[in-house]
Amino acid sequence: MELEICLDSVESAIAAAGGGAERIELCSALSEGGITPSTGLISAVRQATRIQLYVIIRPRGGNFVYSGPELEVMRRDIVAAKAHGVDGVVLGALNADDTVDQPHTRQLIELARPLQVTFHRAFDLCRDSDTALEDVIACGADRVLTAGGRSDAVKGLNTIANLQRRANGRIRIMAGGGIRIGNVRKIASRTGVYEVHSSLSAKVKSTAFDGGADGGELPDGFARFVVKEDDVRAFKSLLQAIALENAARAPVQ
């Protein structure tokens, strides 16, 4: 089973690689669900790590219905990411009626080639997951990241399992959304997915903030979230155990 870690710093990327993750999804502004990181951050992470590096292509927070100028920003960000040696990009575009924007998604995917492409959790905002899956496949994406249309993967177990069956090898289904060491076994066994996505981040208090004039706590907007190597290693170890269990249960061909 493959582990993808969503993160926003060089330090966290090094921890993810050291803990055994197969892939990084690099973002900025994780509090907004992630937007495209700077080329400086992309370059530094690429230099610091050798595992697969995917970059989110998202010009702003909010919805996934993009204007012409925003799509042009996305195209330029894809070109820049390719120039910095990334292995893949993570993107998605929707129409105002919560369906996949096929023409623009297909154009972005074609521009990204030969990189791998993941259609991100914009998928979970689509009205009909079965239709959305066929649309994403038609656009040529390699993978869909999904919580089954819910706020987290545990709540969307049945839908993720259905998507895994429906995909039938045509596209990879990666479960993501609130996945932690305490629930990943349930998610893997109920859905049959082979790839999981998690932030595995821990909140870090500022050592420089003294509470200000009123002695208050650091506002949430200033909090930092980092990935710890030990947490990644423990998570990856559990995934390996789950994979072995699944292999033992598989019928002999």
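The values are calculated or read from the model by the stated rules, or taken from the named source; none is laboratory data. Keep in mind that this is a model prediction, so the values were computed, not measured. Ideal geometry is used to build each Cβ from the backbone, glycine not excepted, and the neighbour counts take in all protein chains shown. What goes into the accessible areas is simple: the full protein's heavy atoms, side chains included, and nothing from ligands, DNA or RNA. Shrake-Rupley method; radii C 1.70, N 1.55, O 1.52, S 1.80 Å.
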Could you check region 137-181 and list, in sequence order, the residues that are at positive phi and not polar (S, T, N, Q)? GLY140, GLY148, GLY149, GLY169, GLY177, GLY178
Kindly evaluate PRO37 against the criterion of being under 23 Å from HIS197 (Cα atoms), out of contact with any His (no Cβ under 7 Å at 6 or more places or on another chain), in a loop (DSSP other than H, G, I, E, B) and open to solvent by less than 20 Å² (accessible area, probe 1.4 Å). yes
Name the pairs: first residue in region 42-67 and in contact (Cβ under 8 Å) with a residue 12 or more places away in the chain and more than 19 Å from ASP98 (Cβ to Cβ), second residue acidic (Asp, Glu) and open to solvent by less than 20 Å² (accessible area, probe 1.4 Å), Cβ to Cβ under 6 Å, at least 6 apart or on different chains? TYR54/GLU25
State all residues of region 1-27 that are in contact with a strand residue (DSSP E or B) (Cβ under 6 Å, 6 or more places away or on another chain) and open to solvent by 30 Å² or more (accessible area, probe 1.4 Å); if no residue qualifies, say none. GLU2, ASP8, GLU22
Under 6 Å between Cβ atoms, which residue pairs at least 6 apart in sequence (or on different chains) link something in region 241-253 that is modelled with pLDDT of 85 or more with a partner that is surrounded by 11 or more Cβ atoms within 10 Å (Cβ to Cβ) and in a helix (DSSP H, G or I)? ILE242/ARG185; ILE242/ALA188
So, in region 190-227, of the ones that are basic (Lys, Arg) and over 19 Å from GLY34 (Cα atoms), which residue ends up modelled with the lowest pLDDT? LYS205
